[in-house]
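What follows is a set of notes on a single structure, which appears directly below.
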Amino acid sequence: MRYTKVIRNVVVLAASVGLAGALCSSVGAAPRVQAIHSSSASPFVVASTSGVQKLDPDVVTNFVDFQALGLIYDQLVRYNKQLQFVPDLATSWAFSNGNRAITFQLRKNVTFDDGTSFTSANVVASIDRVLAPKTGDASASYISSVKTVVAKGPYSVEFVLSHPDSSILSGLTSVNLSMLSTKAIAAGTLATTPDGTGPYMFASWSPNNYLILTANPHYWGGKVKLASVKIEAIPTEQSIASAIEANTVQLGLLTEPEVAKTLSSYTVQNVLDLSYRALMLQDKTGPLANVNNRRALECAINRKQIVADSVFGQGQVVGPIPMGPFASNPVSAVCPNTNVAAAKRYLKAAGDPSGFTFTAITSVAIDPTSSAQAIAAQSELAQAGIKMNIENLATDAYIQDWLKGDFQACFAWNGANPDPYTMYGRYFGQGANLGVPAGYSSPALQKLLLQGDESSSASAQQKYYSELSANLTGNAVWVWLFTSYDYAVVGHGVNGFSFFPSLTDSLQTLSSTSVS
Amino acid sequence: MSVTGLGSAPALPGELDAAVAPVGRRGLVRALWHSPNGRVGLVLVGVVVAAAIAASFGGTPYDPQFQNAAALLQHPTWSHPFGTDQFGRDVLSLVLDGLGVSLEIACLAVLIAGVIGTIGGVVAGFLGRWTSAVIMRVTDMMFAIPAILLALIVVAALGAGWLNSAIAIGVGYIPIFVRVVRGPVLALRESGYVSAGRVLGFSRRRLLFRHILPNVSGILAVQTSLALAWSVLAEASLSFLGLGPPPPTASLGEMVSQAGSLAAIAWWTLAFPSVAIIFAVIGFNLLGDGLRDAIDPRTRKP
Amino acid sequence: MTDDGPAGAVAPAGRRLSGEGRARGLLFEVARRLASMVLTIFGVSIIVFLVLRLLPGNALTSALGVSEGLLTHAQLVALDHYYGIGEPVIQQYGSWLHAILTGNLGVSLQSRTSVASLVGTALPVTFELAIAAMLLGLLIGVLFGVFGALRPGRAVDVTGQGVSVIGLGVPSFVIGTGLVTLLASVFQYFPSSETFASLTSDPWLNIQQIFFPALTLSLGIGAAIMRTTRASVLEVVGQNYVRTARGKGLSRHSVTWKHIFLNAFIPVLTMSGIQLGYLLGGTVIVEQIFVLPGLGRLLVESINGRDFPVVQSVTTIFAAGFVVVNMVVDVLYAAIDPRIRNR
C-alpha cells in the first residue's frame, strides 16, 4: 500500500528535522546560556574536582571542604598572603607568663548566622568541642598544649598552656578550630546546617555535588559584593576548563598544569600548595641507617629533574620548611643541587663505594605523581651506583605501612604549615605521635623544635628554625623534594580575586570580589 | 564502559543448530576467509597481535620509557611518526608497548572468564536440576551487579596492577560464558544425542570430552573473540577511573585517559592510542562475527 | 533470558493447555518469577555486603588517610564506634536488613545525610539518562539497521557501518570527553556545567544536559542493536515466507514493514534487555564527564570512601532495576514470540 511509504518517509523526515533542529538550537542556545550568566542574580560559580563532603567544620579533612567552610566560618586568627598572622575574630593577642599563656582580645559586634553574638563564651565552647574525643577532630593535636581556656571578660579570653607553645597560633587559623555558636553546638545541627560569622551564609547543600552560599548582610568585614556563591563539583579538570570557556564557571580550581596551560586566554593564578613531597627514610636498620649513605642519596638526587618529570616543571624545589617566614634557604645543607661526585664521596665515607640497594614504596592512588618521581629518582640514583627498587602499594596498604614505619623509603606527600613546630613536632618532637613513621629521632632536633616553639620573638625563631632546617638536611633525615602549585583560573570579568596559599583562607578574597 | 554486549546474547535458535554440527579445523580458517567480516577481522587481529608480540621482544623503534627532554610534545615527524608525549617518550613505541599490555590483560581476563565460565556452564547444563539451578541463580546475581561495580570492588580490594585489572575484568565476564555455554550443552542433553550415548554405554566423562565439548567449541571460539574485544574496552574504562595498572606499565587505556587533558594541544597523544584500541576491538568483534558465520551450517559453502 | 533453557519455558511437548489452565499457568509463572527476582536481589545484597567488608580500609582511613596517626586513643575509640568498625559481620548485616525492611536505608557515613535522600536525588537522573540512551540507541540502531539492510552497500549502510565502528571500538569516555571539549572550545557551550535541572523544573535545560551524555552512551548500544537488526532483517528478507507473501501479490512495501519489523523485533528485544544492564554500568563513566549527579557517580565516590550504607543501597537498587527489566523483557518475549505463545 502506498501509505506505508508515506509513513516511512514522514518518519525519516521528522527524525532528521528533529536531529538537525536539536543541533542548530544547541548552537543557538549558546547566547542564551551566556545571557543568563551576565545577570547579577545568578550565583558566582567556583568549580573543583571534588565536592564538599561534610559540613561540620571540626571534622573536615578534604581540601574543598576547608575552602568552602572557610567562607562561612571565622577563626581567632588568619593568614594573609605572605603567611603572616593577622587578626580575624581576635583583634590582638599577647603572650605572658613565659609564653605559657596567651590572652586574646576579641572583636565586638560580630553576630552568628543564627543571630547570637560572638563573645568569649563562644571561644570556650568551641575549644571544648574540639578537644572532646567524640567529635573526632584530628586537628585537636594542634592545641594539645592547651590546659584550660578561661573567659576573662565578654571580649577577652585566656589560653593557659601546659608548656610554652607559639605554634598554637598556627593551629588556630584552621577551619577545624573555627569559632562556633553555642546555640548551634547545643542543638547538634552543625553537621547539617552551618552557622558561622563569615562573609557567606549557608543556603543549600547537595552532598558531593554543590554547596550554595549567600552573602552575609551582617558581615563584620564590610559589604560582600557577590550575592551568592556556588561551589560546584565537576569531576574532571578538562570539564572544568570547558566550563570556564563556556562561561558557566567563574573560578576554576585546578591542580593539573597541562589543563591550566590550555586556558591561555584566561588569568591563571598559582600558589604553592600547602604540602611537600619528600622521600621519607627509616633510619633504624639497613644501609640507610648510615648517615653517609643517606647523604649520598640526597646528593645523587636531581630535584629539578624530578619536578620536570613528575609535575611538568610546575613546582618549586623546597627544603624541610617549604613556605612562610621561616622557609628553608638553602633547601639543603648538604647538596642543594645535584652533585654525583659528592654522592660518591659520601658513599666512600660510608664504607662501600660501590653503592647500596634499597626499596621505596609509592602509592599512585594517593599521589598520582609519585610513580613518575620514583622513576626519575631511580635513574638519577643509579648514576651514583645506588639501586632503588620501587614498590607501588594500594591506598590502605600504603597507609598501614606508613603508620607502622614498615618501609625503608617512602615517597610521601605531607601537609605543610608555615609554622615549623606544627609541621615537625609530631614527627621529631618529644613524645611525637608520628615518631614511628618519622624513622629518626635525636635530642638535638627535639631541643631545636622546642626552642623555636617556646620563643615568641620572630628573630629568635628565625635562628632556631634555620638551624632546624640545617640539622634535618645535614643528617639527611629525609630527602625533601618539591612543592607543586595549585591553580585558580579566573573567568572573564571577575575582579578582585587573589588566590591565597593557605588551607582555610585560600578563597577569602571572595568576600570582596565582584563581577563586571 | 562501552556497552558492547554483542556476544552476550543467549544462543539464538540458529546457533543451536550450528553447535550440533562441528566444523573441521582446516575448514574453519577457510570459512573464516570466505566471510567478509571474518576476513577483515583476521587481518586486523593479525596486525594487532603481531605488533604486540614484536613489542614484547623489544621490537619498538625507541625504548618506550626513554624520556627525551629535548623533544617534549612534538607533533608527528619522520623521526617520531606518532609524535612524542609530555615526557618526551615516543608515542609509536608507547602504542606498540601498550598494545602488548592491553592484550596481555585482555587474554588473562578472558582466560579466567572462559575457564571458570565454561566449567560452570557445562556443569549447569550437564548435571542435575539442583546444581543447575544453584549455578544459574548465582549467575543471575552476578549479572545483576553492574560489571563495573564488580571491577571497582575487585580493584579496591586487591589494589591496582595489571594482574588485578585482569581479574576484575575476567570476573565480570564469567556469567556470560556460563550462559552461552549452558545453552548448547542443555540442548544437546535434551536432544537424543546424549541419551543415545548413555544407552550405548558411554561413560559420562567420555560423552563430555569426546562429544559435548567439541560441539561447544564453536560457540566458545566466537564468545572468546567477543570477550577479548570487550576486555580491551573494559581495561580502558578502568584506567579512566584511575584503577588501571599504575605507571610505568602503560596500557592503551592508560594512555588514552591521560591524553584527555592534552588533546587540545597535542592531538596525537589521544588519536594514535585510540586508533590502536579501535583496531583491536573492531578486529576481535569482526573475527567473532566471522567465526559465527563459519560455524553456522547455513552460511557455509558446500 | 531466563534460566529455563534457550527458547523459553520448557513445557512437555505436545500438550495444549485449556484457556483456564493457561491463565492459572500464567499466574503461577508470574509468581515464580517474582519469587526468583526477590531471591536474586536478596542474594546480591548479601554478596555485596560480604565483599565490602572484605575491602581493606574503612570509612575512617578513607577520610583521614595518614592523619589517622594524629588521633588520640580516646578519639579512635569514639570514631570506631560511630563508623561501626569492629562489630561482628552477622550483627551488622542483621541490623542493616532490619533497617531496610522497616524502610530505613541508613545514613551516609561521609556526609551524614540519609541514604534515602541521596538516592532520591540521584536515581531520577540516572533513570532519565538510561531511558534516553536506550531510546536514542534504539532509534539509531533500528533505523540504520533496517535501512542499511534494505539497501546494502549504499550510503545509509556505509554511514551505519561507520557509526557502528565508532560505537563499538571507541571507549565511551573518549567519545564523551571529545564531545565536551569540542562543544566547549568551539561553541562555548557546556550545559552540563550548570546545576542539573530536573525535567519538571526546566525541561529545556534538562534536555540539553541529558542529550549529550545519552548520545555518548547510545552509540555503543546503537552499534550493537544495528548489527543484530541488520543481520536479522537480511535473514528475514531472504526467508521463504516473505517470498511467499510477495508471491501472493502484496506490494513490496507492506512486506517490508509488517514482516520484517515483527520478526526482527525479537532479537532486538532480547538485546535491549541485556544492554540496559550494561547501561547501568556505563552511566558511571559518563556521569563523571558530564557532571550528572546520578547513581553512578554516587557509587564511585561511596566505594572510594568506604561508605558502606550508600554502596549497599545503591547496588541493591541497580540489581533490582536490572532484574525487573529482564523480567519485563522476558514477558514481552513470551508474548510476542509465536512459537512460545502458541504452545
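Go through segment B:196-244 and flag every residue whose accessible area shrinks by 10 Å² or more with all protein chains in place compared to the isolated chain (probe 1.4 Å). By number: B:Trp230, B:Leu233, B:Ala236, B:Ser237, B:Phe240, B:Leu241.
Here r is the Cβ-Cβ distance between A:Ser96 and A:Lys134 and R0 is 41 Å; the resulting FRET efficiency, rounded to 0.05, is 0.80. Legend: mean number of C-beta atoms from other chains within 10 angstrom of residue C-beta atoms, peptide B:157-166, equals 3. The simple spin-label model puts a point 7 Å past each Cα toward its Cβ; for A:Ser162 and C:Asn104 those points are separated by 3.9 nm. Every helix of 4 or more DSSP H residues in chain A counts as -39500 (n - 2.57), and over all residues that averages to -10500 deg cm²/dmol at 222 nm.
Under 20 Å from a label point 7 Å along Cα→Cβ of C:Val77: give me every residue in segment A:134-171 with its amide N that close. Of the residues in segment A:134-171, A:134-141, A:144 have backbone N under 20 Å from the label point off C:Val77. Counting only other chain Cβ atoms within 10 Å of each residue's Cβ, the peptide C:135-147 averages 1. Computed with the Debye formula from one identical point scatterer per Cα of segment B:189-255, without solvent, the log10 of I(q)/I(0) at q = 0.15, 0.16, 0.20 Å⁻¹ comes to -0.62, -0.65, -0.80.
Quick check: with the 1.4 Å probe, what order do A:Leu253, A:Leu281 take by accessible area, largest first? The partial results should precede the final answer.
Values: A:Leu253 20, A:Leu281 0 Å².
In descending accessible area the options line up as A:Leu253, A:Leu281.
When C and A come together, around 4600 square angstrom of accessible surface is lost from both chains combined, probe 1.4 Å. Between segment B:176-241 and segment A:74-94, the C-alpha centres lie 72 angstrom from each other. Interface burial in segment C:168-183, defined as at least 50 Å² less accessible area with all protein chains than with the chain alone at a 1.4 Å probe, covers C:Leu168, C:Gly169, C:Pro171, C:Phe173. Using equal-weight Cα scatterers in the Debye expression, the normalised intensity of the protein assembly as shown in log10 at q = 0.05, 0.09 Å⁻¹ is -0.38, -1.15. Within the shell defined by Cβ-Cβ distances under 9 Å, the residues around B:Asn37 carry a net charge of 0, with Lys and Arg each +1 and Asp and Glu each -1. On the beta carbon distance between A:Ala203 and C:Ala31, with R0 = 56 Å, the FRET formula returns roughly 0.65. Estimated purely from DSSP H runs of n ≥ 4, each contributing -39500 (n - 2.57), the mean residue ellipticity at 222 nm for chain B is -23000 deg cm²/dmol once divided by its residues.
In chain B, once you exclude exposed chymotrypsin sites (Phe, Trp or Tyr not before Pro) (DSSP loop, at most 14 other Cβ within 10 angstrom), what's the longest stretch remaining? Segment B:79-302 is the longest.
In a reduced charge model with +1 at each Lys and Arg Cβ and -1 at each Asp and Glu Cβ, segment A:219-264 shows a dipole moment near 380 debye about its Cα centre. For the chain pair A and B, the buried solvent-accessible surface (1.4 Å probe, both sides summed) amounts to about 1100 Å². Taking the DSSP beta bridges with both ends in chain A, the antiparallel portion is around 80 percent. Placing unit charges on each Cβ (+1 for Lys and Arg, -1 for Asp and Glu) gives the protein assembly as shown a dipole about its Cα centre, and among C:Phe144, A:Ser502, C:Leu70 the Cα reaching farthest toward its positive end belongs to C:Phe144. The dipole here belongs to segment A:360-516: it is taken about the Cα centre, uses +1 on the Cβ of Lys and Arg and -1 on the Cβ of Asp and Glu, and is about 220 debye. Along the axis of the charge dipole computed for segment A:37-162 (Cβ charges of +1 for Lys and Arg, -1 for Asp and Glu, origin at the Cα centre), the listed residues A:Ala132, A:Val149, A:Ser162 are led at the positive end by A:Ser162.
The apolar share of the surface of segment A:105-181, taken as the fraction of accessible area on carbon and sulfur atoms (1.4 Å probe, ligands and nucleic acids excluded), comes to 52 percent.
Placing unit charges on the Cβ atoms only, positive for Lys and Arg and negative for Asp and Glu, gives segment A:77-189 a dipole magnitude near 120 debye about its Cα centre. Apolar share of the accessible surface for segment A:448-516: 53 percent from carbon plus sulfur atoms, 1.4 Å probe.
Taking other residues whose beta carbon is less than 12 angstrom from the beta carbon of B:Met255, and scoring Lys, Arg as +1 and Asp, Glu as -1, yields -3.
List the residues of segment A:178-221 whose backbone N lies under 17 Å from a point placed 7 Å from the Cα of A:Asp114 along the Cα-to-Cβ direction. Within reach of a label on A:Asp114, which here means backbone N under 17 Å from a point 7 Å along Cα→Cβ, segment A:178-221 contributes A:178-198, A:201-203.
Residues in segment C:116-182 average 39 Å² of solvent-accessible surface per residue, probe 1.4 Å, ligands and nucleic acids excluded. Remark: accessible surface ordering of B:Cys107, A:Cys335 (largest first) is B:Cys107, A:Cys335, probe radius 1.4 Å. Estimated at 0.36 nm per residue, the fully extended path between B:His211 and B:Val49 surpasses their Cα-Cα distance by 55.1 nm.
Taking all protein chains together and a 1.4 Å probe, the residues A:Thr236, A:Thr61 rank A:Thr61, A:Thr236 from largest to smallest accessible area.
Calculated accessible area for chain A comes out at 37 Å² per residue, all protein chains present (probe 1.4 Å; ligands, DNA, RNA ignored). Heavy-atom accessible area buried between chains B and C is around 4400 Å² (1.4 Å probe, both sides summed). In a DSSP loop and with at most 11 other Cβ atoms within 10 Å, the trypsin sites (Lys or Arg not before Pro) in segment A:188-280 are A:Lys223. Since only B:Ile167, C:Gln288, A:Pro420 are under comparison, the one whose Cα sits farthest along the positive direction of the charge dipole of the protein assembly as shown, derived from C-beta charges on Lys, Arg, Asp and Glu, is B:Ile167. Distance between the 7 Å Cα→Cβ label points at C:Phe187 and A:Ser265: 1.7 nm.
Separation between the A:Gln378 and C:Ala155 pseudo-spin-labels, each 7 Å from Cα along Cα→Cβ, expressed in nm? Using points 7 Å along Cα→Cβ, the separation is 5.5 nm. Once the 1.4 Å probe is applied to the protein heavy atoms, chain B comes out at 40 Å² accessible per residue.
The values are calculated or read from the model by the stated rules, or taken from the named source; none is laboratory data. These figures come from a predicted structure and were not determined experimentally. Glycine gets a Cβ as well: all are built from the backbone with ideal geometry, and neighbour counts include every protein chain shown. We work out accessible area using only protein heavy atoms, side chains counted, and drop any ligands, DNA or RNA first. Shrake-Rupley method; radii C 1.70, N 1.55, O 1.52, S 1.80 Å.
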